[in-house]
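Notes for the one structure printed next.
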Amino acid sequence: TVFKNQGFRPQFLPVGIDARRFNLQVDGSAERLKYLDGFEKLIVTVGRLEPRKYYPTLIAAAKIIKEKKLPYRFLIVGDGIDRSKVLLLIGDLGLTKEVLMLGAGSEEEKARLYKASDLFALPTLYEGFGIVFVEAMACGLPVVSTTVGAVAEGVDGAGKLVEPKNPEALAQALVEILENDELRR
């Protein structure tokens with residue numbers, strides 16, 4: 001069969017972000033001072049609170065890190081159907097100081113929170129691409145996530161990937177990056 005050009009010229013448009021909003025020049029210093037509050041490192045996650053993001057892994061990793069007496073604080077930015085479940089788990093594990101739920105934020109607020117933080121983590125069970133990884137990396141953050149979907153393609157050497165539903169591996173990767181300034185850079 002012969003295909004005729006009907007005047008259509010397909011273009012490939014890669015997934016991207018607004019580099020005017022997410023970049024290394026964003027000022028997150030006020031947010032950093034506000035949320036450190038006695039802690040030394042900030043770990044941020046951004047995304048809908050829904051089953052496929054699997055926040056229980058992140059909360060369990062926070063518990064492991066607390067038991068190791070490491071001064072890390074987790075910031076969860078987002079809202080969704082699992083909000084009450086996540087809040088309940090945080091309370092049940094005694095992590096109300098270590099894990100803060102900040103709700104859904106504007107794009108500008110998210111950018112400042114990325115910039116205020118030391119690392120981005122998302123223990124997802126599935127991602128098609130995951131624009132939040134690109135936003136975080138544009139603000140200079142290393143990423144820790146899972147070996148699912150297109151995460152490896154999006155992160156591509158700018159972080160560590162662990163198997164899903166494994167809080168021990170997630171905690172280990174978080175600590176490894178946060179305790180090694182050269183690796184984090």
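The values are calculated or read from the model by the stated rules, or taken from the named source; none is laboratory data. Keep in mind that this is a model prediction, so the values were computed, not measured. Cβ placement follows ideal geometry from the backbone for every residue including glycine, while neighbour counts extend to all protein chains displayed.
Structural remarks
- Test: residue in region 1-17 that is at pLDDT 80 or above and more than 14 Å from LEU122 (Cα to Cα): yes
- Region 57-83 residues that are in contact (Cβ under 8 Å) with a residue 24 or more places away in the chain and in a loop (DSSP other than H, G, I, E, B), paired with ones that are of a type in the set (Phe, Trp, Tyr) and surrounded by 18 or more Cβ atoms within 10 Å (Cβ to Cβ) (beta carbon under 9 Å, 6 or more apart): ASP82/TYR55
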